[in-house]
Amino acid sequence: MAEAPQKLRGSHAPQDPRDFPDGFLWGAATAAYQIEGSPLADGAGESTWHRFAHTPGRTANGETGDLACDHYRRAPEDVGLMARLGLGAYRFSIAWGRVLPEGRGAINAAGLGFYDRLVDLLLSRGITPLVTLYHWDLPAALDDRGGWCNPDIAHWFAEYATVMFRALGDRVPMWVTLNEPWVVTDAGYLCGVHAPGHRSVHEAPRAAHHLLRAHAEAVRAFRAGGHPGQIGLVVNLEPKDPASDDPADIEATARSDAYMNRQYLDPVFHGVTPPELPDMFGGAWPVFPDRELEEIRERVDFLGVNYYTRGVMRHDETNPPVRASHVPQVQALRTETGWEVHPESLLRVLRWVRERYGPVPIYVTENGAAFRDPPSVIDGRVDDPLRVDYFRTHLRAVRQARREGIDLRGYFAWSLLDNYEWAAGYAMRFGLVHVDYATQARTPKSSAYAYRVIRETGGAALDLPLGELLRAAEELRARD
Ligand code: FCB
């Protein structure tokens, strides 16, 4: 792809030396089950997501990740696409069951080989790989033994992580243990809308605890192995605001914040459990040895923050254990997933992390939006101005955070490709690149070009009015 017009690059040098410096990671993110397809190929073991998606009634239209973006067979082409888009970094996840079909024990060389080649391909194009070890596709064999509710899983996960560190640790500079443990427990064990589809107020806090133990044990294994890179955790954070000044709404907001935001970070950074949680869960709250909480408090090299929206909360007795529910912001712009577009809250959440947890290096490891794109590619174009505006406004928040001295070192757009949005299936399109699922043709959208213009102007193009940014993106596309 052509570079941003010289005119734009020259006239928009970064205005502030703290804006995006060399070395700032500019990337895009994906996850294995959402893009790879071929879930059982070459000896891979079945995952909980494969099982869940194949259970009637679990996903929109019964859609599965069987084909997805066919990335398992098209990885070289997709890495070529990333290079063409000028991406500097790529965050992807490993399907645990491709490497260890039973979750532990024998290594499947073919599955490992796929990721080994992917890393080499990325490096050969100058793209920094950031590897997530767990993005929700647990080997089904481990689920049969209790999954995240079995205390032994901390050890199983560390064993798997060690296999990956040994195989790729010489080339992968950045590792993430878990993606969004809150979603794993809330959607998977409490609400039953993600794999493994349980609805249990008893299981959810146990799964949360063992996820964090697994994370910490993998971090220790990484350090013990003396690998050169860095390791961290990715959480999804959502500032919570009360729907009114009614004390009941204010308390409901605090509970939601404890449940979603602090449940995972307070133990990791401070070795404590937010006080609201035992109250909320009552008799279902498990008591774990203090030693385990101490073990969870293991230094991370960085924190990955996934940000999509904020939550406006009201007290709601019918929604245990949090007893709060979201109030849809009817006057706000919302994405296809119903999430309010609220870029200020990205800045708020980054400030909050610094204030509450100290000066840990931060990466925005996911940020993006599903909008209803034009139904087909016309003349090679997919115009997605709402998504361009989403990235433009959220990247302004990122830039502002840097100007405030927050140690923010990179940004990953979600997602590189339109993909399988879990239980919502294929209707939700988050990609910078449009995927025609019938032909698997990839077409970069306006947002892919606008993202490049923003990067190549050192962020200066963030100050352009939307119309001008769209024009610059279109100029880039036309020359591509
Ligand atoms: C995040 C997930 C990611 C994707 C986006 C839209 O919670 O990590 O896989 O589904 O939401």
How would Arg299, Arg396 rank on accessible area, largest to smallest, probe 1.4 Å?
Arg299, Arg396
Of all C-alpha pairs within segment 315-417, those more than 22 angstrom apart amount in percent to 47
Write down the radius of gyration of segment 134-246 and its Dmax, each obtained from C-alpha positions, in Å.
15.7, 55
Leaving out ligands, DNA and RNA, what percent of the accessible area of segment 51-131 is carbon and sulfur, probe 1.4 Å?
51
Provide the gained length on full extension for the span Gln15 to His202, in nm with one decimal, where the gain is 0.36 nm per separating residue minus the Cα-Cα distance.
62.1 nm
Rounded to the nearest 20 debye, dipole of segment 231-337 from Cβ charges on Lys, Arg, Asp, Glu
240
Gyration tensor on Cα atoms of segment 365-464, a ≥ b ≥ c root eigenvalues, a/c under 1.5 rounded, else prolate if a/b beats b/c, else oblate, says prolate
With viscosity set to 0.692 mPa s at 37 °C, what whole-number translational diffusion coefficient in µm²/s follows for segment 312-371 from Stokes-Einstein and a Kirkwood radius over Cα pairs?
235
Once neighbouring chains are kept in place and the probe is 1.4 Å, which whole percent of the accessible area of segment 334-457 is contributed by carbon and sulfur?
49
Global size of segment 1-142 as Cα Rg and Dmax, reported in angstrom
18.4, 57
Note down the Stokes-Einstein diffusion coefficient of the chain in µm²/s, whole number, using a Kirkwood radius over alpha carbon pairs, 4 °C, and 1.567 mPa s.
57
Accessible area (Å², per residue) of the chain, counting only protein heavy atoms and a probe of 1.4 Å
36
Let me know the volume per residue of the alpha-carbon convex hull for segment 219-265, in Å³.
63
10 Å-binned pair-distance histogram of segment 279-341 (Cα, whole percent):
16, 25, 31, 24, 4
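The values are calculated or read from the model by the stated rules, or taken from the named source; none is laboratory data. Fair warning: this is a prediction, and the values are worked out from it, not measured in the lab. With ideal geometry, Cβ positions are generated from the backbone for all residues, glycine too; neighbour counts draw on all protein chains shown. These accessible areas exclude ligands, DNA and RNA; they are computed on the full protein's heavy atoms, side chains included. Shrake-Rupley method; radii C 1.70, N 1.55, O 1.52, S 1.80 Å.
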